[in-house]
Each structure stands twice: as structure tokens, then as C-alpha cells.
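The values are calculated or read from the model by the stated rules, or taken from the named source; none is laboratory data. Bear in mind that the values here come from a model prediction, so they are computed numbers and not experimental data. Backbone-built Cβ (ideal geometry, glycine too); neighbour counts: all protein chains shown. These area figures cover heavy atoms from the full protein model, side chains too; ligands, DNA and RNA do not enter into them. Shrake-Rupley method; radii C 1.70, N 1.55, O 1.52, S 1.80 Å.
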Amino acid sequence: MEQSANTLLHITASEKENLKEGVNFLRNKESGKNFIVFKNEEEELRACKNLCKHQGGTFIKDIEDLDSSIVRCTKHNWRLDVSSMKYVNPPDSFCQEELVIEKNEDNSISLVELDPPNPWDSDPKIPVDLEVGELQITYLTHACMELKLGQKYMVFDPWVIGPAFARGWWLLHEPPSDWLERVCHADLIYISHMHSDHLSYPTLRKLAERRPDIPIFVGKTERPVFWYLNQSGVNLTNINVVPFGIWQQVDADLRFMILMDGVHPEMDTCIIVEYKEEWKAQFIKTERKKLLHYKAQLVKDLNPRIYCPFAGYFVEAHPSDKYIKETNIKNDAATLNQLITKMSNVITWTPKPGAVMDVGRVLKDPSDREAIVDPPEGTKIFKDSWDFDTYLDAMSISFTDEIFNYPSWIKEYFVWAGFKDYNLVVRMIETDEDFVDLPRGYNYLVDFSDLSFPTKRPNRDHPYEEIRSRATVMRHVVKNGLLWDDLYIGFQTRLQRDPDIYHHQFWNHFQIKLPITPPDWNAFLEQEKQSGNNAQICSVM
């Protein structure tokens, strides 16, 4: 059965505000289903179905537990601590499956369930002990790992050269010198989602020059992972889009399953790889919950046998992003692992480029000194130079494109983008590298309530957002019909909001829901020339 995401209960903004600290019992009047929402002192929420794992009984508040987070099943007195989602009676037994809590633009929330919640339980296999050398993990850089599973090799998320998010992110680590041979040698590649620190077209271009038919697997997300492939000029001929929650058999001992991400099910995925003894490589992508103690507690709750933090090894290396580099202090992987070690018995690994973990050895004897092989002494671990010019020069070509000589490109672009009927006015300002207004650059308003382009802010009540963007990057995004994650996640904008509210629908549209086919700029230029419009570069105030 293919996995999907279902909304089980919508909680309005006022209902959310009225949630009391502690246990809240809620009911969906249409479906008749019952739910529990727990609110702690920090106003953080956890949610689950009001359904006991034993025989489906209903939980209530027992008189002896009124001041606690414990609820009791009316059938057989099983008791659940909803602050941890663990059953306390029977003790040390089960955990309750949690529901995903999605925040909506209007400050309401939705309880969402991935259905089925545990598709990997289908077609279970009997675990078999691993031999030494059978299952090895080699870290390359960022989120890129090479897995040796018997005679098969898998590679995850190869971003190994070039920048990500336009020119905002650069690799922290120097990848092994033989990275291209390793990737080309793989039997299959898994790419989790379309963000450029996981789907790297510069990296894939190198790969396609040697092995265009290498099997690449992606999940069946709402927006195709490879939506930009045709425009990219990268010749890959063996991309496999697979449904969620279905085992993909590689050989007699190896299979994998791609799952919907619990936080961003519309675009992100995670993977379970099963080789003989079941082991799970789960990408827990919770972009709004990056605190060390949260992650440490998460690892403790999941109780994996081995934990390795990766996919966060980037640096804002370009000199113009010095301010971001100095202020965007990142959690250190070694510090996180030390914290996990204090809280649990989970084996942790802080990888270095080219380091290899022999999973069989680690599981047999965590103290085995040969279980993890680091790169040879003297190997360069961290990058100290980046090929800025190659990638920035290619991006800057769009700045002088002919379309930007015609102010009407603004309407053409935003009509193509298709976002409207939303009460938001945005001022877009083109800037130089230092976010100073660009002389003779474009400065214009977009009223998304009716998709108009006024010369001044309207008189009605409306939220307002000012977006200052580096002109070279913004024009590159516009010209090629790219998603705005290059601007937003890539630190290429400076934002001011009045009131200071994040407009989820607006940013979600421009980061995920833009048309897959780019604007037809050739037809635009043809029309402008036929209409006799004069090309000019000017500000639109």
C-alpha cells in the first residue's frame, strides 16, 4: 500500500489558544474520531489518536492522575504518558504513534497522519547477523554517503562540488579525491529531495559525463524532484520515481523503501535500507527544531543502535556573506554526539571525508578499534578554497539578459508564477552584493490580492513585506523559472515585514509550487518588439 498524508483534525487559531497546559481531549465532529493534544510549559504541542494500542480503548483522565500527563484506557487500564508518548502500564512496553502537527498560515494547526504510519512492517524478514566487512558506510561530504551492502553500492544525495542555494552555501569538507569514481561505481543513487544541497546539478553533470544511465531513485513527491532536469542540460537517462512505502528489491538480501517526510510531506523524503539484519538510515529533517537537546532526546526516544549526524556540513564561504557566516553559528556534530552519549547507550559517529564505518564490527563490538577507519594521516579534511568564479560568472549572465530591458517582465513573471487572491503587498528591491539599492535597478510593488502592480501601497489594511535581493541572483531565478529557495535559504535576501508575521502560503508557493515549465521569454520578447515598446532599464516606483 502506497504511503500518503491525511489530515485528521483541524484546530482553529482560537481553539489552539484555548488549549490548556497538560492533556486536552479533542474530537473531530465529522469523522467521530478522538484525539489527545498535550501542551507543556513551553507551549510545545504533541498529539496522538485517542486509541489504546492494546485493543483500541479510549483514554480518559483518572482521578488519581488529574495533575499529571498520564491518561488511562477504559478497557484494561493501560496507562499512557502523553508528555513522552510512552506507556507506563505495562511499564517499559510500547510507544504511542504521534501525529504530525502542521502549522498553517492563519495560526491554526492540523493533525496529520502518514498512512500507513509504519509501512516497513509489511513483509518482515528474519534478521541475519552481519559478517565483518559486509555493510560499510563511507562518508564523502555533507549528506553524501556511500553504502557497501554485500556486493552492492548505494550513494545518497551527492552534493560534492559547486555551491548550493544559488551561491549561499559552500561545502565545509574537502571530499575524497576519488569521489567521482565512487559515485560512478554505485549500483544506485538515492536523492531525498530537490534542494540543491541534495540534488546538485554541478555534481550530477560530472556524473552524467561518465555514466548517464546510472539508476537514480527518488520519491513520488507533489513537485517532481527532477522538475528542472530538462532545463539543466544534464543528461541523465535512468531516473526512477517510486511510490512511498513500497519495498524496492535490489537483490535477495537488499531492499529499500522511500517514505514521506513527516514535516514536509509535499517535497521531502526519507529512506529505510534493509540488508539482512534490519538497519534504518532515517533522515529526520525537522528544519524548525534544530536544538541540540531536542535532537539528543529524539535519538534517545528512537533508540537506534548507531547514530551519525550528517547533511549539515556547509559554510557561507563567499566573502560577501561574511556577516551570515559569523552570525549563523551551527551545532557541532561532535558536541551533539557527546550529549547523546551522556543520555543513552547509542553508538555515535562523527564522520570525516573518506572515513569508513564497518557496521558489522560496530554491532558486534562497539570498542573494536578497527570498526571505524579514518582517512590517512595528513588527509585534507576541511576546504579552504572554493571555485567561486566558475559558478558566479555563470549565474551573472542573466543580469544583462534582454528581457530585463523591458519593465513589463515584472507582470509577465508574476502572472506566470500564479500566486494571487492573498492579502499581501510585497515590495521587491534589486540590490548590489552588500544589499544596497542598485542604481537603475528595479524597485516595484506587487499586490497579491488581485495581482496588480501599484505605484504606491494601497489604502486598505494589508500585511506588507519588503524583499531586498541581490540582483544577479534574483534575475537568474526569474530568467530560469527557479524556486525561491535559492533566495531564501541561500541568504540572498534581506526581509522586513509589517506586521512581523511569516506568510507561509506566499513562501510555500514560491519555494515549492511554481510552474514546472519556465516562463516563455522568447515569446515575451517577440511580443514586446512587435508592440514597438522601447527597451529601457529603469526603476519602477
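General remarks:
- When F165 is tested against (1) under 25 Å from the mean Cα position of the chain (by Cα); (2) surrounded by fewer than 19 Cβ atoms within 10 Å (Cβ to Cβ); (3) touching a residue at least 60 places away in the same chain (Cβ under 8 Å), exactly one condition is not met: (2).
- When D421 is tested against the conditions (1) loosely packed, with under 15 Cβ neighbours inside 10 Å; (2) more than 19 Å from K513 (Cβ to Cβ), the lone failure is (2).
- Any hit, the range 47-63, residues being farther than 30 Å from G245 by Cβ, open to solvent by 60 Å² or more (accessible area, probe 1.4 Å) and part of a loop (DSSP other than H, G, I, E, B): no
- Condition check for V415 on (1) assigned to a helix (DSSP H, G or I); (2) modelled with pLDDT of 95 or more; (3) farther than 30 Å from Q530 by Cβ: one failure, at (3).
- The range 491-506: number of residues that are open to solvent by 60 Å² or more (accessible area, probe 1.4 Å) and of a type in the set (A, V, I, L, M): 1
- Filter result (of a type outside the set (A, V, I, L, M), assigned to a loop (DSSP other than H, G, I, E, B) and at negative phi) within the range 225-240: F226, W227, Y228, N235, T237, N238
- For the range 418-439, residues that are not hydroxyl-bearing (S, T, Y) and not in a strand (DSSP E or B) total 13.
- Checking each residue in the range 1-27 for being assigned to a loop (DSSP other than H, G, I, E, B) and open to solvent by less than 30 Å² (accessible area, probe 1.4 Å) picks out Q3, L19.
- Identity of the residue in the range 249-271, part of a strand (DSSP E or B) and closer than 30 Å to F510 by Cα, that ends up modelled with the lowest pLDDT: M260
- The range 440-490, subset part of a strand (DSSP E or B) and among the aromatic types (F, W, Y), residue least open to solvent (accessible area, probe 1.4 Å): Y444
- E222 vs. criteria in a loop (DSSP other than H, G, I, E, B), of a type outside the set (A, V, I, L, M, F, W, C) and over 23 Å from D389 (Cα atoms): yes
- Residue within the range 134-144 that is open to solvent by 10 Å² or more (accessible area, probe 1.4 Å) and out of contact with any Leu (no Cβ under 7 Å at 6 or more places or on another chain) present: yes
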